[in-house]
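Below: the structure, in structure tokens.
The values are calculated or read from the model by the stated rules, or taken from the named source; none is laboratory data. None of these values were measured; they are calculated from a predicted model. Here the Cβ is made from the backbone with ideal geometry for all residues, glycine too, and neighbour counts use every protein chain on show. Heads up: the accessible areas ignore ligands, DNA and RNA and are worked out on the full protein's heavy atoms, side chains in. Shrake-Rupley method; radii C 1.70, N 1.55, O 1.52, S 1.80 Å.
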Amino acid sequence: NAGVTQTPKFRILKIGQSMTLQCTQDMNHNYMYWYRQDPGMGLKLIYYSVGAGITDKGEVPNGYNVSRSTTEDFPLRLELAAPSQTSVYFCASAIGTEYNSPLHFGNGTRLTVT
Amino acid sequence: DAKTTQPTSMDCAEGRAANLPCNHSTISGNEYVYWYRQIHSQGPQYIIHGLKNNETNEMASLIITEDRKSSTLILPHATLRDTAVYYCIVGRGLYSGSARQLTFGSGTQLTVLP
């Protein structure tokens with residue numbers, strides 16, 4: 001299994017541009033999450049999903065959108081990029097069924113908005 | 001979800017046990033204690049989790065106090081590769097049937113010294 005795969009690894013955006021951060025997992029996990037991590041800080045939850053077709057907001061959803069059309073994929077859309085969105089973005093997944101499971105993280109997308 | 005308090009940084013000599021404390025005095029009865037670590041800009045890596053009993057796996061041991069208000073992660077023989085930020089997180093297990101949102105704080109920077 002590849003686990004959780006995020007693309008791209010790095011991206012520089014100009015203010016006002018849009019982009020989609022891709023996340024895919026091959027573990028058949030129901031639960032998927034997007035976090036952002038600012039320098040020297042912990043992770044903050046942006047959006048999460050408990051299964052295909054179901055998404056919900058986390059702690060810092062403003063400026064982002066998500067969709068979950070398949071179990072495998074959970075893309076994060078940035079519309080009208082702002083410097084405040086400069087961060088490292090991590091996608092994670094978990095089994096999310098009747099027993100506990102840990103979060104599996106991708107290696108992140110490093111985004112700079114200038 | 002309950003909040004956690006961890007020291008900002010700790011040092012440990014290579015080959016010695018590293019004991020990382022965590023306070024979670026507001027933990028509720030159905031919340032688990034999870035430990036993750038993040039090695040320089042990589043995605044967080046799951047280490048161990050527990051509810052009430054002490055747990056051990058190939059990476060570490062988790063000691064939870066009887067009142068569950070604090071816990072300690074033990075790396076029995078720390079190596080230089082264990083240098084990382086260690087996150088202690090509490091959150092509801094999946095038995096509740098609700099989405100699990102784990103809040104990552106700032107963690108403890110563990111530096112293993114040669």
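For this structure, a couple of remarks:
- Among the candidates A:Ser84, A:Ser18, A:Ser49, A:Ser69, residue that is at the interface with chain B (Cβ under 10 Å from one of its Cβ atoms) and farther than 23 Å from B:Ile47 by Cβ: A:Ser49
- So B:Ala78, is it buried (at least 17 other Cβ atoms within 10 Å of the Cβ), at pLDDT 95 or above and assigned to a loop (DSSP other than H, G, I, E, B): yes
- Of the residues in the range B:62-72, not one is closer than 30 Å to A:Arg110 by Cβ and either surrounded by 13 or more Cβ atoms within 10 Å (Cβ to Cβ) or within 11 Å of chain A (Cβ to nearest Cβ) (or both).
- For the range B:16-25, filtering for residues that are among the small types (Gly, Ala, Ser), within 15 Å of B:Leu75 (Cα to Cα) and open to solvent by 40 Å² or more (accessible area, probe 1.4 Å) leaves 1.
- Lone unmet requirement of (1) under 13 Å from B:Leu73 (Cα atoms); (2) touching a Phe, Trp or Tyr at 6+ places or on another chain (Cβ under 8 Å); (3) open to solvent by 50 Å² or more (accessible area, probe 1.4 Å); (4) touching a residue at least 40 places away in the same chain (Cβ under 8 Å) for B:Gln6: (3)
- Scanning the range A:101-114 for residues that are assigned to a loop (DSSP other than H, G, I, E, B) and away from chain B (no Cβ under 12 Å) yields one hit, A:Thr114.
- Strands (runs of 3 or more DSSP E) contained in the range A:1-100 and holding at least 1 residues open to solvent by 50 Å² or more (accessible area, probe 1.4 Å), among the aliphatic types (A, V, I, L, M) and over 26 Å from B:Thr4 (Cα atoms): A:10-13, A:54-57
- Extreme residue, nearest to the other protein chains (Cβ to nearest Cβ), among residues of the range B:26-52 that are open to solvent by less than 30 Å² (accessible area, probe 1.4 Å) and in a loop (DSSP other than H, G, I, E, B): B:Gly43
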